[in-house]
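Notes for the one structure printed next.
The values are calculated or read from the model by the stated rules, or taken from the named source; none is laboratory data. Nothing here was measured: the structure is a model prediction, and the numbers come from that model. Cβ atoms come from the backbone with ideal geometry, glycine included; neighbour counts cover every protein chain shown. To get the accessible areas, we keep the full protein, side chains included, count just its heavy atoms, and leave off ligands, DNA and RNA. Shrake-Rupley method; radii C 1.70, N 1.55, O 1.52, S 1.80 Å.
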Amino acid sequence: MISKKTLALCATVGIVLSGFAVASPAMADPVSNSYSIAGSDTLEDVVSALANGTNVTGSVVRSTVNSATIGSFDATGSAYITAKPNGPRFGRPNGSGDGVKALSRSIDGAVYTSGAAGSPKDIVITGQVDIARSSSAGTRNDAGDLLYVPFGRDAIAYAYQGAATGIDSLTASQMKSLYECSPGFQIGGVTVTPNIPQAGSGTRKDFLAKIGSTETLMKTVLEGGCVVEGQEHDATTLTAESVMPMAASRWVAMNTGASYDKRGTGTLGSLVAGVAPVTGVGTSMVPNAAYYADTIWGRDTYLVVENAKMDSTNVKYDANLFKLLDPTQGTALTNSQTLVSKAGAVKKKFGFLPPTTGVVSYRVAKTP
């Protein structure tokens, strides 16, 4: 049973550190003297900003645990990471699925096999990953070992390049036809190339589900189809007349300067008729609450931890890890307050709104 204390985990607060040297988005892997975080590309920049410290709101905000730093590892970079001092090198978790898998192997001690090309294979990584970033929800299981803690509200849109008529506002059915390589399918009389994030991406999983397609129905170029695989949220890879799923949060962050600019010459398109995913331009861009509230294209994102460590009745309970995700603590990660000194304000700069009202933590089985 999930304790009432566990269910209360829905948001957290950043802490203001006077005189702290502000960190930009990470250029190299972190060194953590407490907890390590890996997984989703969608959440990597905002979580790293909170872990490293940021002044994107005009006030320095940083999340720590009893003055100890935490380490958030990007989804991309070198083929491998070392998450803890003197720990093993293992394949970099790239995406929500890979992050949750690494967390699962950290819990059960089974061999971890990374999907990252060129990375070490079949490594035991017990205790190396404490939190997984996830942009997609897992299947609820009251007996599961993992706890999904709401982080923030995001939405799926798409980036495109091209002048085809109607490419700026596509429907789910059009996307389904496009990503299933329907013979002769065109937009505005022009053949459009669909791009999809790498395997294991939460955005890829959510996008396919929302357009009514599946991994089996979608055919990549390597499978003899038309869909080009690439790293999620990198619109610089778009070619003439092409589209790719894009988290609205990442697009906001790339415009406000909170995140690395990988827009290229792409433009953001809407999947909700008559509703733009964002409002404003440049540093003034913010999420459009109406788009984020859409029951199909809006989505809540999560930080995933071992449930036992969040349950004060369990012998594995970790009070410090709980504090990092506890909404009543000032040094946690998922606060939704919009004061410039709070993590919620940071997250808004990175394109996130508070999680859906009423969304609470829930359990999920470990990834095989």
Checklist line | Options 229, 241; residue that is in contact with a strand residue (DSSP E or B) (Cβ under 7 Å, 6 or more places away or on another chain), among the charged types (D, E, K, R) and free of Cβ contacts under 8 Å to residues at least 60 places away in the same chain | finding: 229
Note to self: Every residue in segment 224-238 that is farther than 23 Å from residue 77 by Cβ and not in a loop (DSSP other than H, G, I, E, B), please.
What the structure shows: 227
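Filter segment 270-283 for residues that are more than 25 Å from residue 176 (Cα to Cα) and touching a residue at least 24 places away in the same chain (Cβ under 8 Å); which is most open to solvent (accessible area, probe 1.4 Å)? Spell out how you get there, then give the answer.
Looking only at segment 270-283, we keep the residues that are more than 25 Å from residue 176 (Cα to Cα), and these are 279-283.
Subset that is touching a residue at least 24 places away in the same chain (Cβ under 8 Å): 281-283.
Numbers: 281: 115, 282: 30, 283: 95 Å².
Looking at residues that are more than 25 Å from residue 176 (Cα to Cα) and touching a residue at least 24 places away in the same chain (Cβ under 8 Å), I get 281.
Taking the stated definitions as given, is residue 57 in contact (Cβ under 8 Å) with a residue 60 or more places away in the chain, among the β-branched types (Val, Ile, Thr), within 22 Å of residue 285 (Cα to Cα) and part of a loop (DSSP other than H, G, I, E, B)? Even if it seems obvious, please write down each step before you answer.
Details: in contact (Cβ under 8 Å) with a residue 60 or more places away in the chain: yes; among the β-branched types (Val, Ile, Thr): yes; within 22 Å of residue 285 (Cα to Cα): yes; part of a loop (DSSP other than H, G, I, E, B): yes.
The answer is yes for residue 57.
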Check: Has segment 154-175 got at least one residue that is in contact (Cβ under 8 Å) with a residue 24 or more places away in the chain, part of a helix (DSSP H, G or I), within 24 Å of the chain's Cα centre (by Cα) and closer than 26 Å to residue 352 by Cβ?
Finding: yes
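Matching residues to (1) farther than 23 Å from residue 164 by Cα; (2) in a strand (DSSP E or B); (3) open to solvent by less than 10 Å² (accessible area, probe 1.4 Å); (4) of a type in the set (Ser, Thr, Tyr):
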{"position": "209", "(1), (2), (3), (4)": "yes, no, no, no"}
{"position": "216", "(1), (2), (3), (4)": "yes, no, no, yes"}
{"position": "222", "(1), (2), (3), (4)": "yes, no, no, no"}
{"position": "240", "(1), (2), (3), (4)": "no, no, no, no"}
{"position": "245", "(1), (2), (3), (4)": "no, yes, yes, no"}
{"position": "250", "(1), (2), (3), (4)": "yes, no, yes, no"}
{"position": "268", "(1), (2), (3), (4)": "no, yes, no, no"}
{"position": "291", "(1), (2), (3), (4)": "yes, no, yes, yes"}
{"position": "296", "(1), (2), (3), (4)": "yes, no, no, no"}
Next item on the list: Just give me the residues in segment 282-295 being within 18 Å of residue 42 (Cα to Cα) and β-branched (Val, Ile, Thr), in sequence order.
Entry: 286
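Which of the residues belonging to segment 60-80 are touching a residue at least 12 places away in the same chain (Cβ under 8 Å) and closer than 26 Å to residue 337 by Cβ?
Going through segment 60-80, the residues touching a residue at least 12 places away in the same chain (Cβ under 8 Å) turn out to be 60-66, 68-80.
Correct list: 60, 61, 62, 63, 64, 65, 66, 68, 69, 70, 71, 72.
Output the residue which, of all residues in segment 318-355 that are among the basic types (Lys, Arg) and open to solvent by 40 Å² or more (accessible area, probe 1.4 Å), is nearest to residue 148 (Cα to Cα).
Here is the first cut: in segment 318-355, the residues among the basic types (Lys, Arg) are 323, 342, 347-349.
After this cut, where a residue has to be open to solvent by 40 Å² or more (accessible area, probe 1.4 Å) as well, the list is 323, 342, 348-349.
On the way: 323: 15, 342: 22, 348: 21, 349: 23 Å.
Step by step, filter segment 318-355, then rank; the result is 323.
Looking at the structure I just gave you, is residue 358 under 28 Å from residue 156 (Cβ atoms), surrounded by fewer than 21 Cβ atoms within 10 Å (Cβ to Cβ) and modelled with pLDDT under 85? Write out each step before concluding.
On the way: under 28 Å from residue 156 (Cβ atoms): yes; surrounded by fewer than 21 Cβ atoms within 10 Å (Cβ to Cβ): yes; modelled with pLDDT under 85: yes.
The answer is yes for residue 358.
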Note to self: Residue under question is residue 247, and the condition is that it be over 23 Å from residue 188 (Cα atoms), in contact with a strand residue (DSSP E or B) (Cβ under 9 Å, 6 or more places away or on another chain) and modelled with pLDDT of 95 or more; does it hold?
What the structure shows: yes
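Got at least one residue in segment 199-206 being more than 18 Å from the chain's Cα centre (by Cα) and assigned to a loop (DSSP other than H, G, I, E, B)?
Of all residues in segment 199-206, those more than 18 Å from the chain's Cα centre (by Cα) come to none.
Within segment 199-206, not a single residue is more than 18 Å from the chain's Cα centre (by Cα) and assigned to a loop (DSSP other than H, G, I, E, B).
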Checklist line | Restricting segment 307-317 to residues that are in contact with a strand residue (DSSP E or B) (Cβ under 9 Å, 6 or more places away or on another chain) and open to solvent by 20 Å² or more (accessible area, probe 1.4 Å), the residue that is farthest from residue 140 (Cα to Cα) | finding: 316
Next item on the list: Considering only residues that are in contact with a strand residue (DSSP E or B) (Cβ under 7 Å, 6 or more places away or on another chain) and of a type in the set (S, T, N, Q), look in segment 198-226 and name the one that is modelled with the lowest pLDDT.
Entry: 198
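Restricting segment 150-165 to residues that are more than 15 Å from residue 210 (Cβ to Cβ) and not hydrophobic (A, V, I, L, M, F, W, C), which is surrounded by the fewest Cβ atoms within 10 Å (Cβ to Cβ)? Before you say what the answer is, go through the steps one by one.
Within segment 150-165, the subset more than 15 Å from residue 210 (Cβ to Cβ) is 150-153, 159-165.
From what's left, not hydrophobic (A, V, I, L, M, F, W, C): 150, 152-153, 160-162, 165.
Numbers: 150: 25, 152: 27, 153: 25, 160: 24, 161: 20, 162: 20, 165: 10.
In this case the residue turns out to be 165.
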